[in-house]
Amino acid sequence: MFVATSDTKLSRQNYRYLSVAAVAASLFAVSQQLGLLGVPGMDLPGTSATVAGGTLGNRGYMGGALALLLPLSIWLARNRPGLWSYAGLIIVTWGLSATVTRGAWIAGLAGVCVLWITRQLTLKVILMLFTGIALSLAAAFFLPDAPVRSFSGSSPAAILTDNSGRTVLYRSALIGITERPLLGWGGNALWKVMAERSDQELLAEGGAPAHVRAERRDFGVNAPPSFILTLPTGEKHWFFLSVNKVHNEYLDYALTYGIPAAVLFTLLLGYGIWNAWTTAPVLSACLVAYGVYLLTWPEVIRFAPIAWFLLGLALAQRRGVTVET
């Protein structure tokens, strides 16, 4: 009994610390949306810093981290109701909304749904969630210089249908998995598959600009596919497919390590969700959010260790004991 009590206290401490970290990260996204901060890391090689990306380098990564940690902020507001916990939940929700990343939004919603199914939401918590979203929308639409991302250009329907250039990634992954289903392609798997695909397919699926001639430059299978395009104006244009992750971690596992590895990864994540469902539903909510996020984004070292830490806590739960509230 003492061990179980100690484990519970330690878990709750971890929840609180991670909730504070979520607020700190969210403050960057919120400050960037309000124009109070610029884009850190813009000139740092190896990053693709974007507005609302904060110190994680990309708003998609920031959104994924906040979707993962949002259930912990909800847990804190529910179990430690008060000004600070409510304010923290509002800030985290605002930060997640400010990243303007659809995959992260859906992931965050999935985590909230798990908490709703397991009866972990209260009316006050729901009000705080809507308050955070409302503040983000107000900043986006009413501040004159607030950055607003357009998914669609002139077509509103593209907000749902546009996949942000993932077509070439998904099709290449499926081709590669079909060719090497058991052991995969190893490191830089996506580029290796692209090296065997035709120029016309890669350029069409990769969104290359209109051109009259394309010359492929060979830098090896471990380098991004690169082309020198001759535009209709006669101007030369350098075009390359720099992304070497599928932006679907399950497909990426199958492509890199083989289908068996992807199945094992999925089972491990699923078992963690199931194991914590009755004893620590907040952990299940975090892992569901992460699992949904990985459908449209890759796993990245920037915050993946936090997800695996939470997975470890979920796997360590003992089913049949009292539900954590």
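The values are calculated or read from the model by the stated rules, or taken from the named source; none is laboratory data. Please read these numbers as outputs of a predicted model, since none were measured by experiment. No Cβ is skipped: glycine too gets one built from the backbone with ideal geometry, and neighbour counts run over all protein chains shown.
Conditions (1) surrounded by fewer than 21 Cβ atoms within 10 Å (Cβ to Cβ); (2) more than 30 Å from Pro209 (Cα to Cα), marked per residue:
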site: Asn222; (1), (2): yes, no
site: Lys236; (1), (2): yes, no
site: Leu241; (1), (2): no, no
site: Val246; (1), (2): no, no
site: Ile301; (1), (2): yes, yes
site: Phe309; (1), (2): yes, yes
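Among the residues of the stretch 179-196, is there at least one that is of a type in the set (Asp, Glu) and either touching a helix residue (DSSP H, G or I) at 6+ places or on another chain (Cβ under 7 Å) or within 24 Å of Gly60 (Cβ to Cβ) (or both)? Reasoning before the result, please.
Here is the first cut: in the stretch 179-196, the ones of a type in the set (Asp, Glu) are 179, 196.
Those left that are additionally either touching a helix residue (DSSP H, G or I) at 6+ places or on another chain (Cβ under 7 Å) or within 24 Å of Gly60 (Cβ to Cβ) (or both): none.
For the stretch 179-196, residues of a type in the set (Asp, Glu) and either touching a helix residue (DSSP H, G or I) at 6+ places or on another chain (Cβ under 7 Å) or within 24 Å of Gly60 (Cβ to Cβ) (or both): absent.
Of all residues being among the β-branched types (Val, Ile, Thr) and within 19 Å of Trp94 (Cα to Cα) in the stretch 115-172, which is modelled with the lowest pLDDT? Just the residue, please. This residue is Val148. In the stretch 177-223, the residue that is nearest to the chain's Cα centre (by Cα) out of those that are in a helix (DSSP H, G or I) and within 18 Å of His237 (Cβ to Cβ) is Glu205. If you go through the stretch 6-20 and keep only what is among the small types (Gly, Ala, Ser) and surrounded by 15 or more Cβ atoms within 10 Å (Cβ to Cβ), you end up with Ser11, Ser19.
Residue-by-condition table, conditions (1) of a type in the set (Gly, Ala, Ser); (2) modelled with pLDDT under 90:
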position	(1), (2)
Phe2	no, yes
Val23	no, no
Gly46	yes, yes
Gly57	yes, yes
Gly64	yes, no
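The residues of the stretch 99-118 that are under 14 Å from the mean Cα position of the chain (by Cα) and aliphatic (A, V, I, L, M), listed by number, are Val100, Ala104, Ile106, Ala107, Leu109, Ala110. Annotation for the stretch 254-277: no member residue is touching a residue at least 24 places away in the same chain (Cβ under 8 Å), in a loop (DSSP other than H, G, I, E, B) and crowded, with 23+ Cβ neighbours inside 10 Å.
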